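These notes concern the structure reproduced below.
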Amino acid sequence: MSSATSVAAAAASPWQTLPTELKWMVLKYCITTHQEIIIDEHYRYLDELLKIATRNHELHDLALEMYYSKNVFCPYTDEDADAL
């Protein structure tokens, strides 16, 4: 591949030129939270996650791994907890 071709490919997809550590930092900002995610919020986060995760295979894999490994999930709502 010529240097002009590689520059054109990089310009077409700047995300792929980033080091993995920077990709993790961007995704962490976009799809993680310091609070527990209750079921109702999970669906809201999934909407955002799907916007990110459908861009390409690599982004899909990184986004799902980040979302499910760095967040804490609560399987019930606050109302459900009150009823217990």
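The values are calculated or read from the model by the stated rules, or taken from the named source; none is laboratory data. Being a predicted model, the structure only gives us computed values, none of them experimental. Cβ sites come from the backbone with ideal geometry, for glycine too, and all protein chains shown count toward neighbours.
Some observations on this one:
- Restricting region 4-31 to residues that are at pLDDT 85 or above and surrounded by fewer than 10 Cβ atoms within 10 Å (Cβ to Cβ), the residue that is nearest to TYR76 (Cα to Cα) is TYR29.
- Those residues of region 52-64 which are part of a helix (DSSP H, G or I), among the charged types (D, E, K, R) and surrounded by 12 or more Cβ atoms within 10 Å (Cβ to Cβ), in sequence order: GLU58
- Condition check for HIS34: out of contact with any Lys or Arg (no Cβ under 9 Å at 6 or more places or on another chain), modelled with pLDDT of 80 or more and in a helix (DSSP H, G or I): no
- Pairs are defined by a Cβ separation below 9 Å, a sequence spacing of at least 6 or placement on different chains, a first member in region 56-78 that is without any contact (Cβ under 8 Å) to a residue 12 or more places away in the chain, and a second member that is β-branched (Val, Ile, Thr) and not in a helix (DSSP H, G or I); the pairs so defined are HIS60/THR54.
- Number of the condition not met by MET1 [criteria: (1) more than 13 Å from TYR68 (Cα to Cα); (2) modelled with pLDDT under 80; (3) in a helix (DSSP H, G or I)]: (3)
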